[in-house]
Amino acid sequence: MPTPSHPHAHTTLVPSPSPHQPRPRATPAPSSPSASAPPPPDPRVPFSPQSILKLLVSGSGGSRTGGLIPIPQYPLYSAAIAELSAVQLNYYLDEERCWALDVAELRRALAEGRQRCCPRVLCVINPGNPTGQVQSRQCIEDVIKFAFEEKLFLMADEVYQDNVYAEGSAFHSFKKVLFEMGPPYSEVVELASFHSISKGFMGECGFRSGYVEVVNMDPEVQQQLAKLVSVRLCPPVPGQIVLDAVVDPPQPGDPSYELFITGRMTILPPTEKLQVLLEKLSSFYAKFVKEYS
Ligand SMILES: Cc1ncc(COP(=O)(O)O)c(C=O)c1O
């Protein structure tokens with residue numbers, strides 16, 4: 001796992017949807033003039049776990065917000081909780097099972113936390129830093145059900161989503177699993193998913209760019225979030241361009257696709273190479289069929 005870098009603000013406004021849902025490449029048609037309803041707030045705002053936590057911290061004494069965080073963790077979360085004078089609630093990853101996240105341990109930490117504060121947020125780092133564990137799809141579902149039952153806001157740090165190397169491991173985003181689970185979970189569980197350009201195979205730490213995508217957040221709260229992050233500085237244009245390339249990489253048929261795929265294959269491990277090769281083959285096959293049928 002790469003060495004943790006400084007947890008300072010990333011303030012790029014993301015110009016396209018998250019990689020979990022690739023955007024259609026055509027420009028959307030302008031909405032009809034008769035449509036009077038205001039557009040829904042953009043769910044994508046700059047990378048800022050601190051801003052999300054700020055929205056969730058309130059109360060005093062036994063009603064002060066508590067945040068469940070993994071141990072071991074990347075210290076951004078404990079630092080942000082301390083800065084906001086919230087209550088840090090530790091849940092321990094299971095070293096004997098490759099640092100797996102165990103929902104029974106979450107229940108223990110929650111029950112303990114409820115004796116001294118009001119737990120409102122659950123932070124998950126997947127893939128993990130510094131542990132490197134990758135949560136199974138089943139585990140993610142269990143965590144989502146737990147958050148639903150216990151009315152916890154889920155903060156999913158997914159900045160290492162392109163750094164999965166172990167045989168048989170695959171990254172599943174919380175948003176994808178949440179939507180695949182369907183109602184009531186997909187309509188209720190509040191989720192913030194974080195990504196950064198400083199990891200992955202790009203590893204562009206110096207550009208200081210990233211984003212958070214929120215799901216199921218009350219639109220009025222989302223407006224406040226947009227205000228909160230708008231008062232922070234944004235990275236220079238190159239950082240914003242790199243982020244756009246991360247969330248919307250070249251597609252088959254684009255002028256830079258071949259160069260992109262070649263570069264990617266020289267960096268990523270064989271399993272990924274194989275996948276990319278298959279993608280290439282299937283796009284070649286699709287072109288072939290189109291041309292000769
Ligand atoms: C788990 C995790 N989340 C967030 C970050 C923040 O990433 P950055 O500030 O480099 O974009 C890091 C950095 O190492 C990290 O390890």
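Residues in segment 171-224 that are outside any helix (DSSP H, G or I) and closer than 22 Å to Cys123 by Cβ: 26 in all.
Could you go through segment 93-113 and let me know if any residue there is over 23 Å from Ile140 (Cβ atoms) and away from the ligand (no atom under 14 Å from the Cβ). Scanning segment 93-113, I find at least one residue that is over 23 Å from Ile140 (Cβ atoms) and away from the ligand (no atom under 14 Å from the Cβ), so the answer is yes. Can you tell me which residue within segment 148-196, out of those that are of a type in the set (Ser, Thr, Tyr) and closer than 22 Å to Ile52 by Cα, is nearest to the ligand (Cβ to nearest atom)? Filtering segment 148-196 for residues that are of a type in the set (Ser, Thr, Tyr) and closer than 22 Å to Ile52 by Cα, the one nearest to the ligand (Cβ to nearest atom) comes out as Ser196. Applying the criterion of being of a type in the set (Ser, Thr, Tyr) and more than 10 Å from the ligand (Cβ to nearest atom) to the residues of segment 207-236, the residue that is surrounded by the most Cβ atoms within 10 Å (Cβ to Cβ) is Tyr211.
Any chance segment 191-200 includes a residue that's under 19 Å from the mean Cα position of the chain (by Cα), over 15 Å from Glu158 (Cβ atoms), in contact (Cβ under 8 Å) with a residue 24 or more places away in the chain and in the same structural domain as Ser58 (by TED's automatic domain parsing)? Taking every residue of segment 191-200 in turn, none turns out to be under 19 Å from the mean Cα position of the chain (by Cα), over 15 Å from Glu158 (Cβ atoms), in contact (Cβ under 8 Å) with a residue 24 or more places away in the chain and in the same structural domain as Ser58 (by TED's automatic domain parsing). Does Ser173 satisfy the criteria of being assigned by TED's automatic domain parsing to the domain that holds Ser136 and in contact with a Pro (Cβ under 9 Å, 6 or more places away or on another chain)? For Ser173, the condition - assigned by TED's automatic domain parsing to the domain that holds Ser136 and in contact with a Pro (Cβ under 9 Å, 6 or more places away or on another chain) - is met.
Cβ-Cβ contacts under 7 Å between residues 6 or more apart (or on different chains), taken from a first residue in segment 131-160 that is assigned to a loop (DSSP other than H, G, I, E, B) to a second residue that is more than 16 Å from the ligand (Cβ to nearest atom), are listed as Gln133/Cys98; Gln133/Ala100; Val134/Ala166; Val134/Ser169; Leu152/Pro119; Leu152/Arg120. Glu204 falls short of the stated requirement of being of a type in the set (Asp, Glu), modelled with pLDDT under 90 and away from the ligand (no atom under 15 Å from the Cβ).
Selection within segment 59-85: residues that are touching a residue at least 40 places away in the same chain (Cβ under 8 Å) and farther than 16 Å from Arg120 by Cβ. The member of this set that is nearest to the ligand (Cβ to nearest atom) is Tyr74. Checking each residue in segment 177-197 for being surrounded by 17 or more Cβ atoms within 10 Å (Cβ to Cβ), modelled with pLDDT of 95 or more and out of contact with any helix residue (DSSP H, G or I) (no Cβ under 7 Å at 6 or more places or on another chain) picks out only Glu190. Among the residues of segment 225-258, those that are closer than 20 Å to Ser196 by Cβ and either in contact with a Cys (Cβ under 7 Å, 6 or more places away or on another chain) or not in a helix (DSSP H, G or I) (or both) comprise Arg232, Leu233, Cys234, Pro235, Pro236, Asp248, Pro249. Can Asn163 be described as polar (S, T, N, Q), under 30 Å from Arg208 (Cβ atoms) and modelled with pLDDT under 95? Considered against the rule, which asks whether it is polar (S, T, N, Q), under 30 Å from Arg208 (Cβ atoms) and modelled with pLDDT under 95, Asn163 comes out as yes.
The values are calculated or read from the model by the stated rules, or taken from the named source; none is laboratory data. Remember, it's a predicted structure, so these values are computed and weren't measured experimentally. When we count neighbours, we look across all protein chains shown, and the Cβ atoms used for this are built from the backbone with ideal geometry, even at glycine.
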